1. Scan the stretch 10-31 and report the pairs whose first residue is modelled with pLDDT of 95 or more and whose second residue is among the small types (G, A, S) and assigned to a helix (DSSP H, G or I), with Cβ atoms within less than 9 Å and a gap of 6+ or a chain change.
2. Got at least one residue in the stretch 13-26 being under 27 Å from T70 (Cα atoms) and of a type in the set (A, V, I, L, M, F, W, C)?
3. Can you tell me which residue is nearest to M36 (Cα to Cα) among those in the stretch 47-74 that are exposed (fewer than 13 other Cβ atoms within 10 Å of the Cβ) and under 13 Å from the mean Cα position of the chain (by Cα)?
4. Give the stretch 1-46 a look and list any residue that's part of a helix (DSSP H, G or I), more than 16 Å from the chain's Cα centre (by Cα) and surrounded by 10 or more Cβ atoms within 10 Å (Cβ to Cβ), or say none.
Amino acid sequence: MSDDVLPRDPGDALASVAALRRLADQLEDAAVEQAMRAGWGWPRVAEALGVTRQAVHKKHFKRLVAAGVTLRRR
């Protein structure tokens, strides 16, 4: 990656990376919730994200239950 895409200050560059990670997490949370509310199962969500079913379940299960999302067993 060329230096012209990074802020000159390393602190600013790292803050930008952290902000992008937070945004990506928020987008993933919203997309997973949307998919589960639409009736998708864990395997389909996991495949779309390129992770295992266990990984997506571990990351999102408690939050989805707390949000009142009805989850399919498979």
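The values are calculated or read from the model by the stated rules, or taken from the named source; none is laboratory data. Keep in mind it's a predicted model, so treat the numbers as computed, not measured. Methodologically, a virtual Cβ is constructed for each residue, glycine included, from the backbone with ideal geometry; neighbour enumeration extends over all protein chains shown.
1. A31/A48
2. Filtering the stretch 13-26 for residues under 27 Å from T70 (Cα atoms) gives 22-26.
Checking which are of a type in the set (A, V, I, L, M, F, W, C) leaves us with 23-24.
Checking the stretch 13-26: at least one residue is under 27 Å from T70 (Cα atoms) and of a type in the set (A, V, I, L, M, F, W, C).
3. R63
4. Passing the criteria: D12, A13, L14, A15, S16.
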